[in-house]
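This report refers to the structure that appears directly beneath it.
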């Protein structure tokens, strides 16, 4: 009977210790865009406020284009890729910690977004 209580106490303390370890919420977000025409224009944003954050706009980038930024779990990530001059097939992707998170391929523009997991 004493062994059972001892086991319960040890398990409860183990759970307490594990729950006190802070979760790592930092993430690496990579935005990727490409165009069959060789040029792509992008607007991207990654931050904690979906509606008041400023998009970063870059025109006529060499395709494929990509950039990495640091984010936190729960941040908003958004990428718009377009090329209205050549109107060629476009691809937009967001990777989080090296894993594909969102993907879109369209003829005129591609758009991906979501909450960082």
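The values are calculated or read from the model by the stated rules, or taken from the named source; none is laboratory data. As the structure is a computational prediction, the values presented were derived from the model and not from experiment. Cβ atoms come from the backbone with ideal geometry, glycine included; neighbour counts cover every protein chain shown.
Residue by residue through region 27-69, note down the ones that are exposed (fewer than 14 other Cβ atoms within 10 Å of the Cβ), at pLDDT below 95 and within 16 Å of residue 116 (Cα to Cα). Once the filter is applied, which keeps residues that are exposed (fewer than 14 other Cβ atoms within 10 Å of the Cβ), at pLDDT below 95 and within 16 Å of residue 116 (Cα to Cα), region 27-69 yields 48, 49, 50, 51. The set of residues from region 24-51 being under 24 Å from residue 97 (Cα atoms), assigned to a loop (DSSP other than H, G, I, E, B) and touching a residue at least 24 places away in the same chain (Cβ under 8 Å) comprises 25, 48, 49, 50. If you go through region 52-75 and keep only what is more than 18 Å from the chain's Cα centre (by Cα) and part of a strand (DSSP E or B), you end up with 58, 59, 60, 61, 62. Answer yes if at least one residue in region 78-99 is crowded, with 18+ Cβ neighbours inside 10 Å, at pLDDT below 95, within 9 Å of the chain's Cα centre (by Cα) and in a strand (DSSP E or B), and no otherwise. No, there is no match, as no residue in region 78-99 is crowded, with 18+ Cβ neighbours inside 10 Å, at pLDDT below 95, within 9 Å of the chain's Cα centre (by Cα) and in a strand (DSSP E or B).
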